[in-house]
1. Which entry in [x] 3, 12, 17, 18, 14, 11, 9, 7, 5, 3, 1, 0, 0; [y] 3, 14, 21, 18, 14, 10, 6, 3, 2, 2, 2, 2, 1, 1, 0, 0, 0; [z] 3, 15, 24, 25, 17, 8, 4, 2, 1, 1, 0, 0, 0, 0 matches P(r) over Cα pairs in 10 Å bins from 0, in percent derived from the coordinates of this structure?
2. Below 8 Å, C-alpha to C-alpha, sequence gap of six or more: please give me the relative contact order for the chain in percent.
3. Relative to the longest principal axis of the chain, what angle (0 to 90°, nearest 10) does the C-alpha long axis of helix 21-37 take?
4. For a quick check of your reading of the filter: which GluC sites (Glu not before Pro) in the stretch 407-465 sit in a DSSP loop and have no more than 16 other Cβ atoms within 10 Å?
5. Taking every DSSP beta bridge that has both residues in the chain, what percent is antiparallel when rounded to the nearest 5?
6. Can you give the calculated 222 nm mean residue ellipticity of the chain, where each DSSP H run of n ≥ 4 adds -39,500 (n - 2.57) and the sum is split over every residue, rounded to the nearest 500 deg cm²/dmol?
7. Ranking Thr232, Thr211 by Cβ neighbours within 10 Å, fewest first, what do you get?
8. Give the relative contact order (percent, whole number) for the stretch 53-357; include only Cα pairs under 8 Å separated by 6+ residues.
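Values in this text are rule-based calculations from the coordinates and carry no lab data. Quick caveat: nothing in here was measured; it's all calculated off a predicted structure. Neighbour counts run over all protein chains shown; Cβ positions are idealised from the backbone, glycine included.
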Amino acid sequence: MLSFDMERTMINFKSAAMASRVTIAILVGLWTLAMSQNVDNLGPTEVISTGRILGKRMSVLGKTVDGFFGIPYGKSPEGNLRFKSPLPREPWNGTYNATTHGFGCFQVPDENFEGFHGSEMWNPNVMLKEDCLNLNVWVPYPRPTNAAVMVWVYGGSYISGVDSLDVYDGKTLVAEEGVIVVSMNYRVGALGFLAMDDPNAPGNMGLRDQTLALQWVQDNIAVFGGDPGQVTLFGESAGAASISLHMISPESMHLFKRAALESAALSVPWGYYTMEEGIRRGMILAKQLHCTEDTMGNVLTVPQVIDCLRSRDVVQILTFQWVTSDYLDFPFVPVVDGSFLTERPETALKRGAVKDCELLIGSNTNEGSFFLIYEVPGFSKDTDSLLDKEAFITAMKYAFPQANSFGMKALEYQYTPWLNPENRSLLRDAIDKATGDYNFICPTYEMALGYARFDHPVYYYRFTDRSSNNPWPAWMGVLHADEIAYIFGLPLHPEQGFNSQEEQLSRMMMRYWANFAKTGNPNANSGSDWPLYTVEQQQFFTLDKSIIGGEYLIGRGPFAQACAFWREYFPTLVTQTGDISEAERIWKQQFNDWSTKYMVNWKAEFDKYVNGKQCE
């Protein structure tokens, strides 16, 4: 009898007591016979570089898809390997049970809205361990020949995410479009991005996990009928930001052909920091875990600090890793380390030091609303979150803590709805727009523009369709990550609660993404007219239900002015006024009021007196 170990080890025989060597020999013989004759009856098998794997055959919308789940691609990064760059998984004997998802990487689940599907759908649905470097492959049956490969990289702000979520299930995309889909787990939080400028904690471990998985694809995807020369990376939020960093990294840019970025890009303000900042945050974590001094009060060296952190329980690390408290400032993210990232991402983009490839990129209408309800005063999923002018200013201060008083006045001026400046719903929406522009929309705009400037083919989209089954309140609109369900084909399954128009939209979006993966052009065989994005035209393609009837909405340059504010005006203003004291600011404001208001009023009154009838 074949037995599948609960700890995801090899398929093998287990016996509590063997009476004799003869019995052992008989059982081994039976096992060998079963492996040679009956394993294929349990499911599909393949032989990859590290050994034989057993997968699961599934019927999907009348088609057949084989899934291989939880395939180890790296050694368990625990013990002495915690915080280090990953190492490839060593070969195994026997057949690996790849019929269920592997462990997810350690993280803290979102418990802010317990029991609410809108947030719970992003929480891990598998057990979490440090031994989490595994990946999944979905492949058509019968096997294709030289099929395009789409590698998904999940988001989660570099602090969360697993590849096993229902919304990331690749089976429908594979069944409908004939591509191969791969997804991987990678380390997040301090376990994946602690940066101490030391080989034992170099930083960017999570990105190097992704790189190792991409190398696995190069080494093994041909076994499944895939073409290693036709690999497209696609991802959302921190996943898209990760991909954009692979597009400038000398360590990984050769491992794929093209990229599709959803709601993030190279210059997202939360996406990286310097090594110096990484060390500073690492030392804050170390101090909280009593890893900066020995029992005699002697200061520990960096290697000693890292050894101490390795000795700490992972729950302690997760508990104390929030070393920052600013809005949308995630504690441990990629760093410019001089090897994986050799320069600031925006510098690389500006001088064209990026991968020469086709790029599909875009964002959603209301990128900021999801984050407002977690941290910004005045916002809630259970109310309309209407703001008066005072609450608007308070929310703006909370959402942009880096802004000094001059920057705050500029933000207030830029985003106040001047046609109706007291309208509480418009003031609420303005905070959503400001947050979305700065953190997601403008970075995608700038990367599209930067790529087009160097004549790389770019296809820019704007996803504007709110699903009929969206659990979040209406004021939140088309949220960050709402497009993912459409790209993975969830609306094609009635139990998911989408309507027929949403099913059609999903079919079209799957076709666009698959066409792009196959040809570098989303239009191929779709009959649509998604234009190339150019510096001169700056056209984008609107993804909503209107495209079902062949009505293709092409927009042009609506982000240019808002993004120029964030690119040019705001940072210059904050930098140039950064050394102006508050007392000096107040004096200058009072002087301005005196010269532009009070003196003007005095002059008007004086002129009125002079020109009036004087006493005789």
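1. [z]
2. Relative contact order for the chain comes out at 11 percent.
3. Once rounded, the angle reads 60 degrees.
4. Those satisfying the criteria are Glu422.
5. Of the beta bridges lying entirely in the chain, close to 45 percent run antiparallel.
6. Dividing the helical sum by the residues of the chain leaves -10000 deg cm²/dmol.
7. Placing the least packed residue first, the sequence is Thr211, Thr232.
8. 18 percent
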